[in-house]
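Computed from the coordinates by the stated procedures, all read-outs in this text should not be read as laboratory data. Note that this is a predicted model, so its numbers are computed, not measured.
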Amino acid sequence: MEEFPIRTYEGFEQKVLDGVTLYKSRKRWVALVVVETPYGRHLKLYAWVMRNNEWKVDLANLNIGYWDFKKFAEHAERLSKKYLVKTTPEALEELG
C-alpha cells in the first residue's frame with residue numbers, strides 16, 4: 001500500500017487502513033482513503049499539493065474533469081465493503 005500523507009492534527013488521530021491513488025503528478029495527488037478515527041472508519045477523498053517539497057492538504061477548489069468516475073465508483077464500493085464503512089444517509093446523521 002502506498003503511504004498517504006495523512007497526519008494526526010489537534011489530537012485527532014487518523015490511521016490509514018487502505019487507499020487508492022486516483023491521480024498523481026509532481027504537484028497534485030488525489031486519493032480515496034479509508035481512515036480509522038476515534039469516531040469509526042471513514043472513506044475519504046483527499047487532495048494534496050506539493051509545496052516546499054512536502055505534500056500539503058489542498059485548500060482550493062478541486063477540478064475533477066480528469067477523473068475516471070467509473071474507476072472512482074469501483075474503488076469506493078470495494079473499499080467500503082472491505083472495511084465495513086457505512087455509506088448511507090443515516091450514517092452521515094450519526095456523525096452529526
> Length gain on complete extension for the stretch residue 36 to residue 81, per 0.36 nm per residue less the alpha carbon to alpha carbon distance?
Replying inline: 14.7 nm
> Non-local amide H neighbours of residue 17 (under 5 Å, H modeled in plane, Pro and chain starts lacking H): which ones?
Replying inline: 34, 35, 36
>> Less than 22 Å apart at the alpha-carbon level, and either on another chain or at least 8 residues along: which lysines does that give for residue 82?
In response: 15, 44, 70, 71
>> Explain nothing, just compute: Karplus ³J(HN,Hα) = 6.51 cos²θ - 1.76 cosθ + 1.60, θ = phi - 60°, for every residue of segment 41-58 in order, whole Hz, x for Gly and Pro.
In response: 8, 9, 9, 10, 9, 10, 9, 10, 10, 7, 9, 6, 6, 9, 6, 10, 4, 7
